[in-house]
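Below you'll find the structure, written out as structure tokens, and then a few comments.
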Amino acid sequence: MESNELSVVIVTFKSKAKIFTCLNSIPGHIPVYVVENSNNDIFKKEIENKYPNVKCILTGENRGYAVANNIGLNKVTSKFALVLNPDAILSKDAIKNFLNTKEKFKNFWLIGPANNQSTKNNFAVKDIIQVDNLKGFAIFFNMTKFQNIFFDENFFLYFEEIDLCKFVKKKNGEIYLDKNIIIEHEGASSVSINKKINLEKSRNWHWMWSTFYFHKKYKGFLIALIIIFPKFFSSLIKTLFYQIIFDNEKRDIYFCRLSGIFNSMLGKKSWYRPSLD
């Protein structure tokens, strides 16, 4: 493989417990951009001292998955890029299989691994199939197809890869899943913290914000409102219920869901940031 053929982009946020295993699975000759959503200079120095092929970029603050990935992808000068989650681990032949697949389908835009059970049943005849969506933990980009436009930066968390794939399909771009590409993914474990409640509140807030924003973007405000209303009503009732029975943790979680929907409906930016220090 030529040195200018592939780069890897990994977005991190308090992911020290996971990132080293991920980086160890990447061949040392491949350039890697780690985009850390903080100003943690100690993390940057440790990563760059340990891995000569890694450049760590500090965003200065938690700017979210979409913005950080765009920062990394816009640093890439190679023909192809692999976006990875820090809790993803490449199998021995993963890179080789990505490169083999892109040779078979030269007009592709995106390729993903298909090593989860929900997709295997679709491979009755072919090892590789065209799809409409990919999971975000590992996406292989044909950089020649993108004009420095990748993820919608209005998303802070959730729906980014769904929105990306929708953008590609609107351009009549080809998206593939390849069952021969094996990447282990732990899922929901990139952040090594103990403050579970704060993380849970953040996840609920952003899931609701992103849900309404995504549907509004593609279906309009009214349809998005119809889709989100059952969740809005449920969150309101549960917030009041857990307030009455003095379950403050659950009350706060459902209030965050309610707040995420309400802020998205008002057209406000995805501003919520958890306290994870």
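Loop-located GluC sites (Glu not before Pro) in the range 1-96 (DSSP state not H, G, I, E or B) with no more than 14 neighbouring Cβ atoms inside 10 Å: GLU2, GLU5, GLU61. Across the chain, C-alpha contacts under 8 Å between residues 6 or more apart give a mean separation that, scaled by the residue count, equals a relative contact order of 19 percent.
Translational diffusion of the range 196-265 was estimated from the Stokes-Einstein equation, with Rh taken as the Kirkwood radius over Cα pairs; at 20 °C and 1.002 mPa s the coefficient is 178 µm²/s.
Please arrange TYR218, TYR51, TYR213 by how many other C-beta atoms lie within 10 Å of their C-beta, fewest to most.
Details: TYR218 12, TYR51 18, TYR213 25.
Taking fewest neighbouring Cβ atoms as first place, the list is TYR218, TYR51, TYR213.
Counting only alpha carbon atoms, the long axis of helix 64-73 and the longest principal axis of the chain meet at about 20°.
Across all Cα pairs in the chain, the calculated P(r) in 5 Å bins from zero up to the longest distance comes to 1, 6, 12, 15, 17, 16, 14, 10, 6, 3, 1, 0, 0 percent per bin.
Express in nm, to one decimal, how much length is gained between PHE167 and GLU48 on full extension, taking 0.36 nm for each residue of separation and deducting their alpha carbon distance. Can you show the working numbers first?
Details: separation 119, 0.36 × 119 = 42.84 nm, distance 3.40 nm.
Contour length minus Cα-Cα distance gives 39.4 nm.
If we count other beta carbons within 10 Å of each Cβ, what is the order of SER234, SER25, SER264, fewest first? Walk me through the intermediate numbers first.
Values: SER234 13, SER25 17, SER264 25.
Fewest-to-most ranking of SER234, SER25, SER264: SER234, SER25, SER264.
Relative to the longest principal axis of the Cα atoms of the chain, the long axis of helix 196-219 makes an angle of roughly 80 degrees.
Between ASP41, ASP247, ASP178, the GNM of the chain built on Cα springs shorter than 10 angstrom shows ASP247 fluctuating the most.
Coordinate-derived values only; no laboratory data. Computed from a predicted structure; not experimentally measured. Note that we place each Cβ from the backbone using ideal geometry, even for glycine, and neighbour counts take in every protein chain shown.
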